[in-house]
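Q: Have a look at this one.
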Amino acid sequence: MALSGEHKEILIDKREELVKSIQLHGLWPRLRSCRIVTENDEERIRLNGTRIEQVGLLLDHLAQRTDRDYEAFCKCLERNNQGHLVRQYLGGLPQEAIQTTGENKACCVRFKDMLCCKQLPERATDPFEAYMLTAGPFESESLAVKEARRLLKRRYSVLRDISPAPWDPEFNLDSADVYISLHLKEDKRLASQKRDFSQDQIFTSLRMNRTEEAERMVHENPKRILLEGDPGMGKSTLCQSLTYRWAYEICDARYCKYTPCIHSWSLVIYLTAPDYKDYTDIATAVCDNLLPGMTANEAFEEALEQSTTLFIVDSYDEGHTGNQLLRDLIRGRVCAEATVLIASRPNYLRDMLKNFDSTLSIGGFNREQKRLYVERFAEFRKQNMRRFEHLLDDKTEIASLCSNPLNLSILCLLISTEENQRIETRSELYSSVHRFLKKKASKRMRRSLDKIETEIILPLCRLSFDAYGRNETFLSNANLTTTSADAEDFCQSGYLTRKIKALGKDIRGLEFCPSSIGGTPDELTTLFSGLPSPK
């Protein structure tokens, strides 16, 4: 039977919202297993360049199917952590009571699995009784906190994608397929004494480094944790991964081997340092940036003060100046009982090191991590591993470049898009990124390469050097008035992206896409190699 008129109306009326919201990573295998698409259908749809175009074709394909396929499509979205789209746009699944029962069973499984991260009371023999005894603040939460957690988890759904190339969403990677867990080092020791930790130990690292005698004296895990790393080492991706796991993965002994793990917190607040600027209280900053539909009431303010809340603050180096509220958060003048994880480039917090219980650093990929990443990337992009093997040769100059996760990701992307792509040095990497951006901009904007250079890149050169002098990676509307180039053209070109504040709030400005790659005037000059001086 053909698709009913009601379902066809939904696909037409909600098309704009659906093409903007549906994420395809991880969805294709489910669609094929349900016989909604064939292998040929998938290949035909994925030949189109952008995700939006691909989703549009998928919806067109669905409109030619049956009501049974429509319901199966909704179930695929539910299982892919996109169930809110089903309820919001697609009319929900039929037999809601059956679905609710299934969700309750899944909830029980989650409760049981959460025991893996809790120490069971000796008198608890039944696992569900044990969970109730260890639930603590989870049981006595206010409605405001429960609603905040629901909204946060929905907002964090976008964190599944890793964007090593922000200039082109086509190259977003599914963290479930390609993410590699990082190795951390504790920074309070001499270099010869430093010890490696897995990122799952990030909340227990203080205890792990103590002697047996001192360990008995430490009754609490670290409340203030500093994570430092050079540009591109994976700080932001680690923060993103932790937050997404809190929202969408159950606590499982296979992955959560240490206590506490990311699931130990009732609320996880993931923001960047600039998001705290110009605010005088934490609750308002959180609501404005993450929960725009929620009011910072007293119950929510109290919840943020509790030990069951974790603050993850990324990009401290980009928003520390004049940020008194964030400094107060680090020093424990506000939310003293909450746990705070700060990610920053090195040496931006030297005057505040005494406030941290644990200071960790990211050292980049080792040989095994590089191999594992390249294998996963090749499999994810369905390409022959041989194209990437020279990246793993330690005898080449590029080997040290590949220890930087961002560099390795971009190298893999460039190699996957161009035949015979050989990059051996940092300068060649920047030049390749530049050539890639120019070609994509020319094709997307239907302008010649010469026009892209004169109308987009030259004005951007001038703006970029001015921004570097201000130690900024962001251009406000005021900055853009100094050039004749159009702001929308900058975005379309791929060199800049419209600034999104805290996962979804527009603040009227543009941000440099490759800001994690370059960092000095010489590196910016290399990125725009072959162009006249920006002066």
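The values are calculated or read from the model by the stated rules, or taken from the named source; none is laboratory data. Not measured: the values here are computed from a predicted model. A quick note on method: Cβ atoms are made from the backbone with ideal geometry, for glycine too, and the neighbour counts reach across all protein chains shown. Ligands, DNA and RNA are excluded from the accessible area calculation, which covers all protein heavy atoms including side chains. Shrake-Rupley method; radii C 1.70, N 1.55, O 1.52, S 1.80 Å.
Q: Can you run down the residue pairs with Cβ atoms below 9 Å, 6 or more apart or on separate chains, where the first is in the stretch 223-245 and assigned by the TED database to the domain that holds PRO260 and the partner is among the acidic types (Asp, Glu) and crowded, with 24+ Cβ neighbours inside 10 Å?
A: LYS235/ASP314; SER236/ASP314; CYS239/ASP314; GLN240/ASP314
Q: Just checking, how many residues over the stretch 25-60 are open to solvent by 20 Å² or more (accessible area, probe 1.4 Å), outside any loop (DSSP other than H, G, I, E, B) and either of a type in the set (Lys, Arg) or closer than 28 Å to MET445 by Cα (or both)?
A: Of the residues in that region, 11 qualify.
Q: A follow-up question, please. Being farther than 24 Å from SER4 by Cα and surrounded by 18 or more Cβ atoms within 10 Å (Cβ to Cβ), is that true of even one residue in the stretch 67-82? Even if it seems obvious, please write down each step before you answer.
A: Going through the stretch 67-82, the residues farther than 24 Å from SER4 by Cα turn out to be 80-81.
Keeping just the survivors that are surrounded by 18 or more Cβ atoms within 10 Å (Cβ to Cβ) gives 80-81.
Looking through the stretch 67-82, at least one residue is farther than 24 Å from SER4 by Cα and surrounded by 18 or more Cβ atoms within 10 Å (Cβ to Cβ).
Q: Please give the number of the condition GLN369 fails out of (1) in contact (Cβ under 8 Å) with a residue 24 or more places away in the chain; (2) closer than 30 Å to GLU39 by Cα.
A: Condition not satisfied by GLN369: (2).
Q: Which one is modelled with the highest pLDDT among residues in the stretch 315-333 that are part of a loop (DSSP other than H, G, I, E, B) and open to solvent by less than 10 Å² (accessible area, probe 1.4 Å)?
A: Step one: filter the stretch 315-333 for residues part of a loop (DSSP other than H, G, I, E, B), giving 315, 319-323, 332-333.
Retained after the next criterion (residues that are open to solvent by less than 10 Å² (accessible area, probe 1.4 Å)): 319, 323.
Details: GLY319: 88, ASN323: 94.
Once the filter is applied, the top-ranked residue is ASN323.
Residue by residue, here is whether (1) open to solvent by less than 50 Å² (accessible area, probe 1.4 Å); (2) of a type outside the set (A, V, I, L, M, F, W, C) holds:
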residue: ILE250; (1), (2): no, no
residue: PRO274; (1), (2): yes, yes
residue: VAL313; (1), (2): yes, no
residue: GLU337; (1), (2): no, yes
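Q: When you look at GLU39, is it of a type outside the set (A, V, I, L, M, F, W, C) and under 20 Å from GLN88 (Cα atoms), yes or no?
A: Here the answer is no, as GLU39 does not meet what is asked.
Q: Then there's this: If I ask for residues that are within 21 Å of GLN199 (Cβ to Cβ) and either without any contact (Cβ under 8 Å) to a residue 60 or more places away in the chain or assigned to a loop (DSSP other than H, G, I, E, B) (or both), which ones from the stretch 334-343 would you list? It would help to see each step written out before you state the result.
A: So in the stretch 334-343, the residues within 21 Å of GLN199 (Cβ to Cβ) come out as 338-343.
Residue satisfying the conditions is ALA338 alone.
Q: Here are TYR255, TYR279: which of them is at pLDDT 90 or above and in a loop (DSSP other than H, G, I, E, B)?
A: TYR279
Q: Consider ALA176 carefully, then state whether it is hydrophobic (A, V, I, L, M, F, W, C), at pLDDT below 85 and in contact with a Gly (Cβ under 9 Å, 6 or more places away or on another chain).
A: Yes, satisfied.
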